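Following: one structure in structure tokens, then a few remarks.
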Amino acid sequence: MNELSPNIARNIIDRIGSNGIPPEYGFQFFTAGLDPYLSIIKDEYLSSFIKQGGSTFKMIVGTYGGGKTHFLYCVRDLAWKSNFVVSYVSLSPGESPFHKLELVYRAIVQSIVPPLLPEELLSGYERGIVSFLRRWYSQSYQEIQNKGLSGESLREELLNIVEHVDGIESISFAKAVKAAFRALINKRDEDFDNICQWLNGENYDRRIHASYGILQRIDKTTAFTMIRSLSQWIRQIGYSGLVVLLDEAEKVPSLTTKNREQHLNNLREIIDECGHTTFKGVMIFYAVPNENFLEGRAQIYEALKQRVTTTFEGLNPTGVKIELEKVVSDPIPFLCEIGNKLAKVYEIAYNHKFKESAVKQTIKTVAESSHNQRFSDIGYKRLFVQTLIRGFHFLRQKDTPPTDNDLR
């Protein structure tokens, strides 16, 4: 805990105490029970198979408040440590519905983030291809400058980097990233903005974009091509690959029948895409609150069920489905482990020292109460951390462990 400052600790406590959602940085200090799963993901995939050009799909199943976001943040952290670019997307009915693949591409490309240091996460950071392109340029510039080059020699080396970008499936995508890089070299901001508008999937204007060699619209027929081209480019410029974290924010059954079937068909295509040799260096996680969306009699339901039926575990790392409820074999000790870690975070946040017996009693009371409510609308894990922070406040102020009634 030496690296945990009071400010960071206070942010952790405030975040999970208010809404139960883990902060982007700080979740590491109260992670418990996930090591067996994360070790498999790291050893079997991120440090080997995916980095070597493989691709795979995993489906995470967990109730609302059941730890999906926490798990995805852990995966993102592992991916960054293995030099992957990560795109975390909260799928929503308005901006990124899964039944419209062109909007999913847009959400992915607008959310890509290269490996970040804790300081960058804490200070705030930009995401998306605009920031990513600028970072590619500035890092390239710095590397060439460190070799002692300057002036026209430096510029020629930068242009040489662009010429080595090849083998990308979409010619328009390849020409776009090259033209964007050249625009940064030549300080042509308007050109850069025009190109990024297309790369972001926002608009295509032939009068504007054709001059850069961009002759293709980004729509439902080209979305897969663009996602493949994005991953190919990312690997070419020195990263291990692309990890996509899709967090389903809406229950699929609430969609119309037509949109629901398109949603399922797109999901089936993505799973199949991960089995193709052209889809290299990509790992996709798709998080859902339950498997109800697979209940149906049409052929698409059966086809999809067959693709996600296998369970991911130590004895079967190639399994597709990660069930977060099954990660925890003994819930009360699991919650108490999280509670003990949060108690240390709380003590740093408030410069306060709990009596050991009192804090243990508080954690036990909240753990048992939360687990007893595990069939409510909110997941018992989220309920536990929210209630526990309230319990810690009570204990700090009253100097006595709260009862179940006090916490209500």
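Below are the figures for this structure:
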read-out: Tensor-based shape of region 156-240 (alpha-carbon gyration tensor, a/c under 1.5 rounded, otherwise prolate or oblate); value: oblate
read-out: Region 216-319 - charge dipole about Cα centre, Lys and Arg +1 at Cβ, Asp and Glu -1, debye rounded to 20; value: 320 debye
read-out: Probe 1.4 Å, accessible area per residue of region 1-144, Å²; value: 40 Å²
read-out: Positive-end residue, the chain charge dipole about Cα centroid, Cβ charges, pick of LEU335, ASN186, THR222; value: LEU335
read-out: Length-normalised contact order of the chain in % [C-alpha pairs under 8 Å, at least 6 apart]; value: 28 percent
read-out: Listed residue (ILE60, LEU101, PRO6) projecting farthest to the positive dipole end of region 1-152, Cβ model; value: LEU101
read-out: Sequence-distant residues sharing a close amide H with GLY53 (under 5 Å, placed H); value: GLY281
read-out: Diffusion coefficient, µm² s⁻¹, Stokes-Einstein with Kirkwood Rh over alpha-carbon pairs of region 178-306 at 4 °C and 1.567 mPa s; value: 75 µm²/s
read-out: Tensor-based shape of region 121-205 (alpha-carbon gyration tensor, a/c under 1.5 rounded, otherwise prolate or oblate); value: oblate
read-out: Global geometry of region 26-131, whether rounded, prolate or oblate, following the gyration tensor of its Cα atoms and the 1.5 cut on a/c; value: rounded
read-out: Compactness relative to 2.2 N^0.38 Å, alpha carbon Rg of the chain; value: 1.09
read-out: Listed residue (ASN316, GLN361, SER138) projecting farthest to the positive dipole end of the chain, Cβ model; value: GLN361
read-out: Test item: Cα-centred dipole of region 89-132, Lys/Arg +1 and Asp/Glu -1 on Cβ, debye; value: 200 debye
read-out: Placed amide H near ILE112: partners under 5 Å, 5+ positions off or other chain; value: GLY128, ILE129
read-out: Table column - 3J(HN,Hα) (Hz), region 115-126, Karplus curve with 6.51, -1.76, 1.60, x for Gly and Pro; value: x, 10, 7, x, 4, 5, 4, 6, 7, x, 8, 9
read-out: The chain - charge dipole about Cα centre, Lys and Arg +1 at Cβ, Asp and Glu -1, debye rounded to 20; value: 320 debye
read-out: Longest site-free stretch - the chain; sites: chymotrypsin sites (Phe, Trp or Tyr not before Pro), DSSP loop, at most 15 other Cβ within 10 Å; value: 126-374
read-out: Under-5 Å amide H pairs with LEU91, H placed in peptide plane, nonlocal only; value: ASP247, GLU248, ALA249
read-out: Within region 283-360, trypsin sites (Lys or Arg not before Pro) in DSSP loop having at most 15 other beta-carbon neighbours inside 10 Å; value: ARG297, LYS353, LYS355
read-out: Helix-derived mean residue ellipticity, 222 nm - over the chain, DSSP H n ≥ 4, -39500 (n - 2.57), to 500; value: -16000 deg cm²/dmol
read-out: Of the trypsin sites (Lys or Arg not before Pro) in region 135-192, those whose Cβ has at most 16 other Cβ within 10 Å and which sit in DSSP loop; value: LYS147, LYS187, ARG188
read-out: The chain: DSSP helices with Cα axial extent of at least 27 Å and average Kyte-Doolittle hydropathy no lower than -0.5; value: 331-350
read-out: Percent antiparallel among DSSP beta bridges (both partners in the chain, rounded to 5); value: 10 percent
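The values are calculated or read from the model by the stated rules, or taken from the named source; none is laboratory data. Note that the structure is a prediction, hence the values are computed from the model and not measured. A quick note on method: Cβ atoms are made from the backbone with ideal geometry, for glycine too, and the neighbour counts reach across all protein chains shown. Calculation scope for accessible area: heavy atoms of the full protein, side chains included, ligands and nucleic acids excluded. Shrake-Rupley method; radii C 1.70, N 1.55, O 1.52, S 1.80 Å.
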